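What follows is a single structure, written as C-alpha coordinates, with notes after it.
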Amino acid sequence: MRPRSIRVTSSAPRRPAAASAAAPLALAALAACATTPPAATPPGASANRAPAAAARAPLGAGRAAEIARAHTREAYDAWRARRAAEVAPATVSHRVDEIFTCLNCENLIVTERIEDGATCRQGPWVLDSWRDDGQPLHFDARLIAHDCCDGACPDRTPTAWMLVLDRALATLDHGAMRALVSPTTPLQLAAGFRGEGDEGGLREARVVRDGPMDEVFTTIQRVQLFHDDLQCPAEFDAAGLAVCAVFGGGFGASYHWQRTGAEVHLIEVSQSSH
(Lines give C-alpha, C1' and ligand atoms only; values in the text may rest on other atoms or scores of the structure.)
Protein backbone atom coordinates (compact mmCIF):
# COMPACT_ATOMS: atom_id res chain seq x y z
CA MET A 1 0.00 0.00 0.00
CA ARG A 2 1.24 3.44 -0.83
CA PRO A 3 2.39 5.64 2.09
CA ARG A 4 -0.27 8.19 2.96
CA SER A 5 0.39 11.80 2.00
CA ILE A 6 -0.72 14.74 4.08
CA ARG A 7 -2.96 17.21 2.22
CA VAL A 8 -2.89 20.88 3.15
CA THR A 9 -4.90 24.17 3.15
CA SER A 10 -3.60 27.48 4.50
CA SER A 11 -4.53 29.23 7.73
CA ALA A 12 -3.36 31.77 10.28
CA PRO A 13 -1.42 29.35 12.52
CA ARG A 14 1.72 27.97 10.95
CA ARG A 15 1.76 24.26 10.22
CA PRO A 16 4.43 22.08 11.80
CA ALA A 17 7.12 21.02 9.38
CA ALA A 18 6.81 17.50 8.01
CA ALA A 19 9.10 14.92 9.60
CA SER A 20 11.83 14.62 7.04
CA ALA A 21 15.54 14.24 6.72
CA ALA A 22 15.40 17.29 4.49
CA ALA A 23 15.42 20.94 5.41
CA PRO A 24 12.16 22.94 4.91
CA LEU A 25 11.06 22.89 1.32
CA ALA A 26 12.32 25.65 -0.93
CA LEU A 27 9.80 25.42 -3.75
CA ALA A 28 10.37 28.93 -4.87
CA ALA A 29 14.10 28.55 -4.89
CA LEU A 30 13.68 25.61 -7.23
CA ALA A 31 12.15 27.87 -9.83
CA ALA A 32 15.12 30.24 -9.90
CA CYS A 33 17.67 29.29 -12.50
CA ALA A 34 20.63 31.38 -11.41
CA THR A 35 22.76 29.93 -8.65
CA THR A 36 23.17 33.40 -7.14
CA PRO A 37 19.88 34.72 -5.72
CA PRO A 38 18.63 37.78 -7.63
CA ALA A 39 18.66 41.11 -5.91
CA ALA A 40 15.41 42.26 -4.36
CA THR A 41 13.03 43.76 -6.89
CA PRO A 42 12.89 47.53 -6.34
CA PRO A 43 9.54 49.09 -5.38
CA GLY A 44 7.28 49.48 -8.38
CA ALA A 45 9.28 47.05 -10.50
CA SER A 46 7.52 44.28 -12.38
CA ALA A 47 8.10 40.60 -11.73
CA ASN A 48 7.48 40.12 -15.46
CA ARG A 49 10.56 42.09 -16.39
CA ALA A 50 13.47 40.80 -14.39
CA PRO A 51 16.90 41.69 -15.74
CA ALA A 52 18.60 39.07 -17.89
CA ALA A 53 20.70 36.66 -15.88
CA ALA A 54 24.45 36.44 -16.18
CA ALA A 55 26.08 33.32 -17.56
CA ARG A 56 24.52 30.36 -15.80
CA ALA A 57 26.62 28.11 -13.61
CA PRO A 58 26.04 24.34 -13.85
CA LEU A 59 23.06 23.11 -11.88
CA GLY A 60 25.09 20.60 -9.86
CA ALA A 61 23.96 17.31 -8.32
CA GLY A 62 22.62 18.80 -5.09
CA ARG A 63 21.83 16.11 -2.52
CA ALA A 64 21.92 13.18 -4.97
CA ALA A 65 24.72 11.51 -3.00
CA GLU A 66 22.38 11.34 0.02
CA ILE A 67 19.89 9.01 -1.68
CA ALA A 68 20.00 6.09 0.74
CA ARG A 69 18.24 3.22 -1.05
CA ALA A 70 19.65 1.47 -4.08
CA HIS A 71 16.26 1.01 -5.73
CA THR A 72 15.56 4.75 -5.39
CA ARG A 73 18.93 5.53 -6.96
CA GLU A 74 18.22 3.14 -9.86
CA ALA A 75 14.76 4.63 -10.43
CA TYR A 76 16.16 8.17 -10.30
CA ASP A 77 18.94 7.40 -12.81
CA ALA A 78 16.47 5.65 -15.14
CA TRP A 79 14.11 8.65 -14.95
CA ARG A 80 16.96 11.02 -15.78
CA ALA A 81 17.83 8.93 -18.83
CA ARG A 82 14.19 8.99 -19.98
CA ARG A 83 13.99 12.74 -19.57
CA ALA A 84 17.19 13.20 -21.59
CA ALA A 85 15.66 11.19 -24.44
CA GLU A 86 12.34 13.05 -24.20
CA VAL A 87 13.83 16.55 -24.46
CA ALA A 88 16.58 15.79 -26.99
CA PRO A 89 18.15 17.53 -28.83
CA ALA A 90 17.90 20.02 -25.96
CA THR A 91 20.13 19.28 -22.98
CA VAL A 92 18.75 18.53 -19.53
CA SER A 93 20.32 18.51 -16.07
CA HIS A 94 18.93 17.66 -12.64
CA ARG A 95 19.64 18.59 -9.04
CA VAL A 96 18.24 16.82 -5.96
CA ASP A 97 17.00 19.52 -3.57
CA GLU A 98 15.00 17.62 -0.95
CA ILE A 99 14.71 14.00 0.26
CA PHE A 100 11.79 12.65 2.30
CA THR A 101 11.97 9.14 3.75
CA CYS A 102 9.44 6.90 5.49
CA LEU A 103 9.30 3.20 6.34
CA ASN A 104 8.72 2.08 2.75
CA CYS A 105 9.39 5.23 0.72
CA GLU A 106 12.11 7.61 -0.36
CA ASN A 107 10.80 10.65 -2.24
CA LEU A 108 12.74 13.40 -3.95
CA ILE A 109 12.21 16.97 -5.07
CA VAL A 110 14.37 17.54 -8.12
CA THR A 111 15.07 20.72 -10.03
CA GLU A 112 15.17 20.16 -13.78
CA ARG A 113 16.85 22.55 -16.21
CA ILE A 114 16.29 22.30 -19.97
CA GLU A 115 18.53 24.33 -22.26
CA ASP A 116 17.96 24.64 -25.99
CA GLY A 117 20.14 27.29 -27.54
CA ALA A 118 19.27 30.61 -25.91
CA THR A 119 16.13 29.18 -24.30
CA CYS A 120 16.37 27.94 -20.72
CA ARG A 121 13.53 26.55 -18.58
CA GLN A 122 13.73 25.26 -15.04
CA GLY A 123 11.38 23.95 -12.38
CA PRO A 124 10.68 21.29 -9.74
CA TRP A 125 9.59 17.68 -10.11
CA VAL A 126 8.33 15.48 -7.27
CA LEU A 127 9.56 11.88 -7.55
CA ASP A 128 7.76 9.36 -5.33
CA SER A 129 9.14 5.84 -4.90
CA TRP A 130 7.83 3.21 -2.52
CA ARG A 131 8.06 -0.54 -2.10
CA ASP A 132 6.01 -2.86 0.08
CA ASP A 133 7.51 -6.15 1.28
CA GLY A 134 7.83 -8.62 -1.56
CA GLN A 135 6.38 -6.15 -4.07
CA PRO A 136 8.00 -4.39 -7.03
CA LEU A 137 9.03 -0.76 -6.70
CA HIS A 138 6.37 1.83 -7.44
CA PHE A 139 7.67 5.04 -8.98
CA ASP A 140 5.76 8.20 -9.85
CA ALA A 141 7.13 11.46 -11.30
CA ARG A 142 5.14 14.67 -11.60
CA LEU A 143 6.25 18.04 -12.89
CA ILE A 144 5.09 21.04 -10.87
CA ALA A 145 5.96 23.69 -13.47
CA HIS A 146 8.75 25.02 -15.62
CA ASP A 147 9.75 28.67 -15.32
CA CYS A 148 12.27 30.73 -17.26
CA CYS A 149 15.78 30.39 -15.88
CA ASP A 150 16.44 34.14 -15.84
CA GLY A 151 13.02 34.99 -14.40
CA ALA A 152 11.95 37.05 -17.45
CA CYS A 153 9.11 34.84 -18.64
CA PRO A 154 6.52 36.45 -20.98
CA ASP A 155 4.44 33.26 -21.15
CA ARG A 156 4.60 32.15 -17.50
CA THR A 157 1.77 29.77 -16.52
CA PRO A 158 -0.35 30.24 -13.37
CA THR A 159 1.54 27.36 -11.72
CA ALA A 160 4.84 29.05 -12.55
CA TRP A 161 3.51 32.22 -10.91
CA MET A 162 2.97 30.15 -7.77
CA LEU A 163 6.68 29.33 -7.91
CA VAL A 164 7.45 33.06 -8.15
CA LEU A 165 5.28 33.70 -5.08
CA ASP A 166 6.90 30.89 -3.13
CA ARG A 167 10.38 32.12 -4.03
CA ALA A 168 9.50 35.54 -2.60
CA LEU A 169 8.10 33.93 0.56
CA ALA A 170 11.10 31.63 0.98
CA THR A 171 13.63 34.45 0.72
CA LEU A 172 11.52 37.09 2.50
CA ASP A 173 12.07 39.26 -0.55
CA HIS A 174 9.91 42.33 0.08
CA GLY A 175 10.76 43.83 -3.30
CA ALA A 176 9.75 40.71 -5.22
CA MET A 177 6.55 40.44 -3.17
CA ARG A 178 5.76 44.10 -3.79
CA ALA A 179 6.11 43.53 -7.55
CA LEU A 180 3.32 40.93 -7.33
CA VAL A 181 0.88 43.46 -5.84
CA SER A 182 -1.09 45.60 -8.28
CA PRO A 183 -0.28 49.33 -8.15
CA THR A 184 -4.03 50.09 -8.23
CA THR A 185 -5.74 47.15 -6.46
CA PRO A 186 -4.82 46.06 -2.89
CA LEU A 187 -4.00 42.41 -2.24
CA GLN A 188 -6.82 40.90 -0.16
CA LEU A 189 -5.71 38.41 2.52
CA ALA A 190 -8.01 36.18 4.55
CA ALA A 191 -6.85 33.44 6.93
CA GLY A 192 -9.02 31.44 9.28
CA PHE A 193 -8.73 28.56 11.73
CA ARG A 194 -11.65 26.33 12.67
CA GLY A 195 -11.30 24.10 15.72
CA GLU A 196 -13.62 21.35 16.91
CA GLY A 197 -16.60 22.79 18.75
CA ASP A 198 -15.93 26.44 17.98
CA GLU A 199 -16.60 28.86 15.18
CA GLY A 200 -12.97 29.77 14.81
CA GLY A 201 -11.79 33.18 13.68
CA LEU A 202 -11.05 35.00 10.46
CA ARG A 203 -8.13 37.32 10.00
CA GLU A 204 -8.36 39.75 7.09
CA ALA A 205 -5.98 42.35 5.70
CA ARG A 206 -5.47 44.58 2.66
CA VAL A 207 -1.93 45.06 1.41
CA VAL A 208 -1.05 47.91 -0.93
CA ARG A 209 2.03 47.94 -3.14
CA ASP A 210 3.59 51.02 -1.53
CA GLY A 211 2.94 49.78 2.02
CA PRO A 212 4.78 47.28 4.23
CA MET A 213 4.78 43.61 3.17
CA ASP A 214 5.09 42.14 6.68
CA GLU A 215 1.43 41.03 6.75
CA VAL A 216 2.03 38.93 3.64
CA PHE A 217 4.96 37.03 5.13
CA THR A 218 3.15 36.32 8.40
CA THR A 219 -0.11 35.24 6.74
CA ILE A 220 0.59 33.37 3.50
CA GLN A 221 1.94 29.87 4.00
CA ARG A 222 4.24 28.24 1.51
CA VAL A 223 3.34 25.19 -0.55
CA GLN A 224 4.78 21.91 0.74
CA LEU A 225 5.44 19.96 -2.43
CA PHE A 226 5.89 16.60 -0.73
CA HIS A 227 2.44 16.70 0.86
CA ASP A 228 0.28 19.41 -0.70
CA ASP A 229 -1.88 19.10 -3.79
CA LEU A 230 -1.30 22.21 -5.92
CA GLN A 231 -3.87 22.76 -8.66
CA CYS A 232 -3.82 25.57 -11.21
CA PRO A 233 -5.46 26.05 -14.62
CA ALA A 234 -3.18 25.57 -17.60
CA GLU A 235 -3.57 29.23 -18.59
CA PHE A 236 -5.37 32.46 -17.72
CA ASP A 237 -9.00 32.70 -18.83
CA ALA A 238 -10.41 35.21 -21.32
CA ALA A 239 -10.81 37.78 -18.54
CA GLY A 240 -7.17 37.30 -17.49
CA LEU A 241 -8.05 35.49 -14.25
CA ALA A 242 -6.50 32.29 -12.87
CA VAL A 243 -7.33 30.72 -9.50
CA CYS A 244 -4.89 28.22 -8.01
CA ALA A 245 -5.76 25.98 -5.07
CA VAL A 246 -3.73 24.08 -2.50
CA PHE A 247 -5.17 21.23 -0.42
CA GLY A 248 -3.87 18.83 2.19
CA GLY A 249 -4.06 17.67 5.79
CA GLY A 250 -6.89 19.95 6.92
CA PHE A 251 -5.44 22.93 5.08
CA GLY A 252 -6.90 24.70 2.06
CA ALA A 253 -6.01 27.87 0.18
CA SER A 254 -6.93 29.72 -3.00
CA TYR A 255 -4.77 32.20 -4.88
CA HIS A 256 -6.36 34.62 -7.35
CA TRP A 257 -4.08 35.89 -10.11
CA GLN A 258 -5.03 38.66 -12.55
CA ARG A 259 -3.29 39.30 -15.87
CA THR A 260 -3.69 42.77 -17.36
CA GLY A 261 -1.75 43.19 -20.57
CA ALA A 262 1.82 42.06 -19.88
CA GLU A 263 1.44 42.40 -16.10
CA VAL A 264 0.33 39.67 -13.67
CA HIS A 265 -0.61 40.40 -10.07
CA LEU A 266 -1.80 38.45 -7.05
CA ILE A 267 -5.13 40.00 -6.03
CA GLU A 268 -6.50 37.67 -3.35
CA VAL A 269 -5.34 34.84 -1.06
CA SER A 270 -7.79 32.95 1.14
CA GLN A 271 -6.52 30.31 3.58
CA SER A 272 -8.21 28.09 6.15
CA SER A 273 -7.26 25.17 8.35
CA HIS A 274 -8.84 22.98 10.98
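The values are calculated or read from the model by the stated rules, or taken from the named source; none is laboratory data. Note that the structure is predicted; figures quoted are calculated from it, not measured. Glycine gets a Cβ as well: all are built from the backbone with ideal geometry, and neighbour counts include every protein chain shown.
Contact map, region 64-91: first residue under 11 Å from Ala141 (Cβ atoms), second residue not in a loop (DSSP other than H, G, I, E, B), Cβ cut-off under 6 Å, separation 6 or more or different chains; pairs are Ala75/Ser129; Ala75/Phe139; Trp79/Ala141; Arg80/His94; Arg83/Val92.
When Glu204 is tested against the conditions (1) within 24 Å of Ser272 (Cβ to Cβ); (2) of a type in the set (Asp, Glu); (3) touching a helix residue (DSSP H, G or I) at 6+ places or on another chain (Cβ under 9 Å), the lone failure is (3).
Criterion first (more than 24 Å from Arg121 (Cα to Cα) and without any contact (Cβ under 8 Å) to a residue 24 or more places away in the chain) does Ala190 satisfy it? Before the answer, list the steps.
On the way: more than 24 Å from Arg121 (Cα to Cα): yes; without any contact (Cβ under 8 Å) to a residue 24 or more places away in the chain: no.
Criteria not met by Ala190.
If you go through region 216-234 and keep only what is of a type in the set (A, V, I, L, M, F, W, C) and either touching an Asp or Glu at 6+ places or on another chain (Cβ under 9 Å) or farther than 21 Å from Val181 by Cβ (or both), you end up with Val223, Leu225, Phe226, Leu230, Ala234. Quick one: would you say Ala245 is surrounded by fewer than 17 Cβ atoms within 10 Å (Cβ to Cβ) and either among the acidic types (Asp, Glu) or under 30 Å from Cys105 (Cβ atoms) (or both)? For Ala245, the condition - surrounded by fewer than 17 Cβ atoms within 10 Å (Cβ to Cβ) and either among the acidic types (Asp, Glu) or under 30 Å from Cys105 (Cβ atoms) (or both) - is met. Against the list (1) at pLDDT below 95; (2) assigned to a loop (DSSP other than H, G, I, E, B), the condition Phe236 fails is (1). Only one entry in Ala68, Ala28, Ala52 is of a type outside the set (Ser, Thr, Tyr), loosely packed, with under 15 Cβ neighbours inside 10 Å and at pLDDT below 50, namely Ala52. Selection of region 260-274 for residues being outside any strand (DSSP E or B), in contact (Cβ under 8 Å) with a residue 12 or more places away in the chain and not aliphatic (A, V, I, L, M) yields only His274.
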